[in-house]
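Trainee: Provided herewith is a single structure, encoded as structure tokens, for subsequent inquiry.
Rule-based calculations on the coordinates, nothing more; no lab input. Quick caveat, the model's predicted, so the values are computed rather than measured.
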Amino acid sequence: MTMTSAIEADPGDMTATPLRHPTLIGPGFGSDAAGDPVTPTPAQSLALLARAMFRQGMCDGLAGHATFRQPNGVLLTTPHLIGWDEVTAADICTLDPDGHQIAGRWSVPPALQLHISLHRSRPDTVVAVHNHPKWSTTWSNLGRIPPTYDQTSASFTDEVRLIPYGGPVQETEFADDVVAELAGASTALLANHGVLILGSSPAEAFWRCYVLQWRCQMAWQVEAVGSGTLFPSDAAEFNKAIVDREFGGVFPGLFEYVARREIAADPRVLS
Ligand SMILES: [Zn+2]
């Protein structure tokens, strides 16, 4: 209904300022069994993020955790001992701003101290994802930032920071060190460990995780074959400016697309 109304409202409005890109109209998160549009709750969004990450190969057994800070300061988190390919909205746990669990039927990940320290020191952080994706962790283990060889890899040009390994992040001391090393950045390779990626929404966090993973895989493949041609830095800045200016910094519709796939594959993800 909304899509039809939007289309019908446009033709007679000749005074509207032309857009370089027309308003994007797409299926969003799809429709439920009754035909009503799906608008995920925060817990559903976090479950969908975990499922989509798993499907993209950004997983390592039961390791990893993702948190979603709510406007009142409470944190939603993926649970411990539940795979990212099986988590549902009802599995999502809730912590108060000090990190005490206040809701949820499962335990929270023991290494969640990293996120608690992070959200406490950077209240602007809405979503934080930590895990051990194989391609990104390859570069973490190499102790190198992967070069950018292609347009997708250059889709965001924010700094990727390499943070030295200090110790297991379930220890407050080491978690605080990682947070301090990340200051001013949103994306990090944790040396000999994995990744830490921040976003202003589940969609932005997924986009950054996706691009980093893509960049890491492409760089590994290019360097395994021989030498490639680096993507021009000025073109990367140009592309980023387009995505930032016209799409709010996120490839439009990507998270909705991967979420639709998860909902179609297993509607229980929303339950
Ligand atoms: Zn880890």
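Trainee: Please work out how much length the chain gains when fully extended from THR138 to GLN101, using 0.36 nm per residue of separation minus the C-alpha to C-alpha distance, in nm with one decimal.
Mentor: Residue separation times 0.36 nm, minus the Cα-Cα distance, leaves 10.0 nm.
Trainee: Quick one: which residues, 5+ away or cross-chain, put their amide H under 5 Å from the amide H of CYS59? H built at 1.01 Å from N.
Mentor: Here LYS134 satisfy the definition.
Trainee: In a GNM of the chain with a 10 Å cut-off on Cα contacts, which of ILE92, ILE102, ILE82 has the highest mean-square fluctuation?
Mentor: In the Gaussian network model the winner is ILE102.
Trainee: Would you compute, from DSSP H runs of 4+ residues alone, the mean residue ellipticity of the chain at 222 nm, taking -39500 (n - 2.57) per run and dividing by the full residue count, rounded to the nearest 500? Please report the intermediate quantities before stating the final value.
Mentor: Values: 8 runs with 101 residues, N = 271.
Taken over the chain, the calculation gives -11500 deg cm²/dmol.
Trainee: Amide H to amide H under 5 Å from SER31: which residues, 5+ apart in sequence or cross-chain, H placed 1.01 Å off N in plane?
Mentor: VAL38
Trainee: Test of understanding: in a Gaussian network model of the chain with alpha carbons linked when under 10 Å, which of LEU254, LEU76, LEU142 would top the mean-square fluctuation ranking?
Mentor: LEU142
Trainee: What helices does the chain hold that run 27 Å or longer along their axis, going by alpha-carbon atoms, with a Kyte-Doolittle average of -1.0 or more, using DSSP H for the helix calls?
Mentor: Counting only whole DSSP H runs, the qualifying helices are 202-225.
Trainee: Which length gain, in nm to one decimal place, applies between ASP32 and ILE145 when the Cα-Cα distance is subtracted from 0.36 nm times their residue separation? List each step's numbers first, then the result.
Mentor: On the way: separation 113, 0.36 × 113 = 40.68 nm, distance 4.20 nm.
Taking ASP32 through ILE145 to full extension adds about 36.5 nm, to one decimal.
Trainee: Across the stretch 150-163, in residue order, what do the Karplus-derived ³J(HN,Hα) couplings come to in whole Hz, using 6.51 cos²θ - 1.76 cosθ + 1.60 with θ = phi - 60° and x for Gly and Pro?
Mentor: 9, 5, 4, 4, 8, 5, 9, 10, 4, 4, 9, 9, 9, 10
Trainee: log₁₀ I(q)/I(0) of the stretch 126-261 at q = 0.10, 0.21 Å⁻¹, via Debye over equal Cα point scatterers, no solvent, to two decimals?
Mentor: Cα-only, vacuum Debye calculation for the stretch 126-261: -0.33, -1.32.
Trainee: Which of PRO202, PRO40, PRO123 moves the most in a Gaussian network model of the chain with Cα springs under 10 Å?
Mentor: PRO123
Trainee: Over the chain, what is the mean sequence separation of C-alpha contacts under 8 Å (at least six apart), divided by residue count, expressed as relative contact order in percent? Let's see the in-between values first.
Mentor: Details: 469 pairs, mean separation 55.6, N = 271.
Once divided by the residue count of the chain, the mean separation gives 21 percent.
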